Amino acid sequence: MARGRFTRAELEAHHGAIVDDLLPPLLRLLVVGINPGLWTAAANAHFARPGNRFWPALHRAGITRSQLDVSGGMSADDAADLAALGIGITNLVPQATARADEVTAAQLAGARERLAALVRTARPDVVAVLGKVAYARAFGIRDLDVGRQPERFEGAELWVLPNPSGLNAHETVDSLAVAYRAAAVAAGLLMHPVGSDHRS
């Protein structure tokens, strides 16, 4: 199978699958998605679907030294680079669905405690949840602003940032990059020059 190509049957077979969390030993920034899509589950790599703006935004922000392509899975080198930066990735709801609106209210209701347990164990400096509406539902909050939150979460600084899905038409790669860079700076990541690529 070519890198980053899955048949419809292969994707459908991953309904309910769980994508492995990315949790380096020294965790500075824990990125929290809503839940995996089928492409992400098939690749077992977060934000893997072609067209998702997460990895382009991270590179545009200067967080990663190159733009990662995880559409067919994450390479050992890319995983090592993220670990060296101190970046981890998980989801509010671990089960994969075809669309985010398939996530149930019951699943979101249990998301806060699941995330709290993970943060207590992994001890990141900053937790960044990507998705204002999903965060509000999971945490039972009505009104909130995107960005740094006034309260800490299990000892970590808490940020709520825009979701990188292409369905979030209000955001661009550039606006996502600005938001993600702010959280990365707060986490103390050693940033690359914006838009640079030092990999040969």
Among the residues of the range 85-116, count how many are more than 25 Å from Ala13 (Cβ to Cβ), touching a residue at least 12 places away in the same chain (Cβ under 8 Å) and in a helix (DSSP H, G or I). 6
Give me the pairs: first residue in the range 19-43 and over 19 Å from Ala84 (Cα atoms), second residue basic (Lys, Arg), beta-carbon distance under 7 Å, and six or more apart or on different chains, which are they? Gly37/Arg49; Trp39/Arg49; Thr40/Arg49
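Taking the criterion of being touching a residue at least 40 places away in the same chain (Cβ under 8 Å) and closer than 20 Å to Ala48 by Cα, would at least one residue in the range 137-153 satisfy it? Explain how you work it out, then say what you get.
Restricting attention to the range 137-153, the residues satisfying the condition of being touching a residue at least 40 places away in the same chain (Cβ under 8 Å) are 138.
Subsequent filtering for residues that are closer than 20 Å to Ala48 by Cα retains none.
Checked the range 137-153: no residue is touching a residue at least 40 places away in the same chain (Cβ under 8 Å) and closer than 20 Å to Ala48 by Cα.
Could you list all residues from the range 118-171 that are aromatic (Phe, Trp, Tyr) and closer than 15 Å to Val31 by Cα?
So in the range 118-171, the residues aromatic (Phe, Trp, Tyr) come out as 135, 139, 153, 159.
Passing the criteria: Tyr135, Phe153, Trp159.
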Looking only at residues in the range 5-62 that are more than 22 Å from Gln95 (Cβ to Cβ) and of a type in the set (A, V, I, L, M, F, W, C), which one is surrounded by the fewest Cβ atoms within 10 Å (Cβ to Cβ)? Leu26
Could we say that Val126 is farther than 23 Å from Asn44 by Cβ and free of Cβ contacts under 8 Å to residues at least 24 places away in the same chain here? no
Does the range 154-173 hold any residues that are over 21 Å from Pro36 (Cβ atoms), exposed (fewer than 13 other Cβ atoms within 10 Å of the Cβ) and either touching a helix residue (DSSP H, G or I) at 6+ places or on another chain (Cβ under 8 Å) or in contact (Cβ under 8 Å) with a residue 60 or more places away in the chain (or both), and which are they? Gly155
Are any residues in the range 32-55 farther than 18 Å from Gly166 by Cβ and either charged (D, E, K, R) or assigned to a strand (DSSP E or B) (or both), and if so, which ones? Val32
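Quick check on my filter: what residues within the range 98-125 are polar (S, T, N, Q), closer than 29 Å to Ala187 by Cα and surrounded by fewer than 14 Cβ atoms within 10 Å (Cβ to Cβ)? Walk me through it before giving the result.
Keep residues of the range 98-125 that are polar (S, T, N, Q), which gives 104, 107, 121.
The next check asks that each one be closer than 29 Å to Ala187 by Cα; those that pass are 107, 121.
The one that is polar (S, T, N, Q), closer than 29 Å to Ala187 by Cα and surrounded by fewer than 14 Cβ atoms within 10 Å (Cβ to Cβ): Thr121.
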Of all residues making up the range 44-58, the number that are modelled with pLDDT under 95 and either more than 13 Å from the chain's Cα centre (by Cα) or under 19 Å from Ala186 (Cβ atoms) (or both): 2
I need the full set of residues from the range 1-55 which are touching a helix residue (DSSP H, G or I) at 6+ places or on another chain (Cβ under 7 Å) and on the phi > 0 side of the Ramachandran plot, in order please. Phe47
Return the pair list, or none, for Cβ contacts closer than 6 Å from residues in the range 56-80 that are assigned to a helix (DSSP H, G or I) to residues that are β-branched (Val, Ile, Thr) and crowded, with 18+ Cβ neighbours inside 10 Å, at least 6 apart or on different chains. Leu58/Thr64
For the range 128-152, enumerate the residues that are buried (at least 18 other Cβ atoms within 10 Å of the Cβ) and modelled with pLDDT of 95 or more. Ala128, Val129, Leu130, Gln149
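The values are calculated or read from the model by the stated rules, or taken from the named source; none is laboratory data. What you are looking at is a predicted structure, and each value in this text was computed from that prediction instead of being measured. Positions of Cβ are generated from backbone atoms using ideal geometry, with glycine treated the same way; all protein chains shown enter the neighbour counts.
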